[in-house]
Amino acid sequence: MTRPDVPATAAPRSGPLPFPAHLRDTGRTLVMGVVNVTPDSFSDGGRWFTPGAAVAHGLELADQGADLLDVGGESTRPGARRVPVEDELARVLPVVEELTARGLAVSVDTTRAQVARAAVERGAVLVNDVSGGLADDAMAGVVAETGVAYVAMHWRGHADVMDDLDDYDDVVADVRAELAQRVATLRAAGVRDEQVVLDPGLGFAKPGASNWPLLARLPELVADGFPVLVGASRKRFLGHLLTRPDGTPAPPLARDRATAAVSALAAASGAWCVRVHEVAGSADAVRVAAAWRSAGAVGDAAGGTARE
Ligand code: PMM
């Protein structure tokens, strides 16, 4: 599976993610529910902007089957401007603290080392960095020091410029090679392979059809040996897929069924986790995929009794 021109990113990992035990051995793809504490995210901007509303939304997503809640205070919507670090801290920390206090597994969606460290100190079990460490040189050190699980996403630049950074020879090979460079940097900073999750970064410096090969060839990324996170939820390429008869793309809130379909297929392709706004559909989808895979592996039905 490994292309001769692209070095594999890793030898097989030697241990599980540093994660709560109940999330390590589910036998299926995990579901991460999105809790955006922002006024301007592309799909749900402003709806859960106060800490109270964000916590309530997180609890609702957990009820619907989210295994992890991804709390973010800075929009990465195409064209979005950066927010000051003080604002990001004020948005995410109370929400991380409250959801963690309720026994939920929380990840923090940030590109800033300072925010990552503060969130981990308040109980976050995963740092989800859409820049893979490129936005903040201090990030790898914080990840190494705290030992937290870390998502390194494929990224080429901040939201205000990313749509102009979509030059690829072979998008899958290029993304794998650039992720391999991120892994090398993380290792050099002392991060252990067991901490690392990789993400192809759908929609980031990938405004159009280049997202589809990344999904169709997901097994190539999975074969590199790290858990893989897929974040397709409500993204533009799904809006274009579902173009209406009048020629307009389907709006973000009309992309959830397609998102659940991606979740099923990504899970069947070996994704470790899917990151979604609407949890219930994907929670079902990953269970379907687990039963499907398991039946193929052992020649028997999985996930229930034979007559259900
Ligand atoms: N996409 C968004 C934000 N964070 N994190 C990861 N790991 N992967 C993604 O694809 C991803 C992400 C953008 O979506 P949002 O603004 O609706 O949260």
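The values are calculated or read from the model by the stated rules, or taken from the named source; none is laboratory data. Here the structure is a predicted model, which is why all the values come from computation and not from measurement. When we count neighbours, we look across all protein chains shown, and the Cβ atoms used for this are built from the backbone with ideal geometry, even at glycine. Surface areas here come from the heavy atoms of the whole protein model, side chains and all, with no ligands, DNA or RNA. Shrake-Rupley method; radii C 1.70, N 1.55, O 1.52, S 1.80 Å.
Details
- At the listed q of 0.23 Å⁻¹, the Debye profile of region 56-152, built from one uniform point per Cα, gives log10 I(q)/I(0) equal to -1.20.
- Magnitude of the charge dipole, region 28-307, Cβ model with Lys/Arg +1 and Asp/Glu -1, debye to 20: 680 debye
- Here, P(r) means the percent of Cα pairs in each 5 Å bin from 0 to the largest distance; for region 172-246 it is 3, 14, 25, 21, 15, 10, 6, 3, 2, 1, 0.
- Compactness of region 28-307 was expressed as the Cα radius of gyration divided by 2.2 N^0.38 Å, which yields 0.96.
- Computed over protein heavy atoms with a 1.4 Å probe, the accessible surface of the chain works out to 42 Å² per residue.
- Taking only protein heavy atoms and a 1.4 Å probe, the accessible area of the chain is 53% carbon and sulfur.
- ³J(HN,Hα) computed for each position of region 216-225 - Karplus, 6.51 cos²θ - 1.76 cosθ + 1.60, integer Hz, glycine/proline x: 4, 9, 3, x, 5, 5, 4, 5, 5, x
- Selection among 245, 72, 56 by position relative to the dipole of region 28-307 gives 245 as farthest towards the positive end (Cβ unit charges, Cα centre).
- Label-to-label distance for residue 254 and residue 82 is 3.6 nm, based on points extended 7 Å past Cα in the beta-carbon direction.
- Remark: relative contact order (the chain) = 20 percent; criterion is Cα-Cα distance under 8 angstrom and separation of 6 or more residues.
- When 150, 168 are compared by accessible area at a 1.4 angstrom probe, the order from most to least is 168, 150.
- Expected-Rg normalisation [2.2 N^0.38 Å, Cα atoms] applied to region 121-270: 1.08
- With the cut-off at under 15 Å, measuring from each backbone N in region 202-231 to a point 7 Å along the Cα-to-Cβ line of residue 194 picks out 227.
- Values of log10 I(q)/I(0) for region 97-202 across q = 0.16, 0.19 Å⁻¹ run -0.68, -0.91, by the Debye formula with one identical scatterer at each alpha carbon and no solvent.
- At the residue level, residue 121 shows approximately 130 square angstrom of accessible surface with a 1.4 angstrom probe and all protein chains present.
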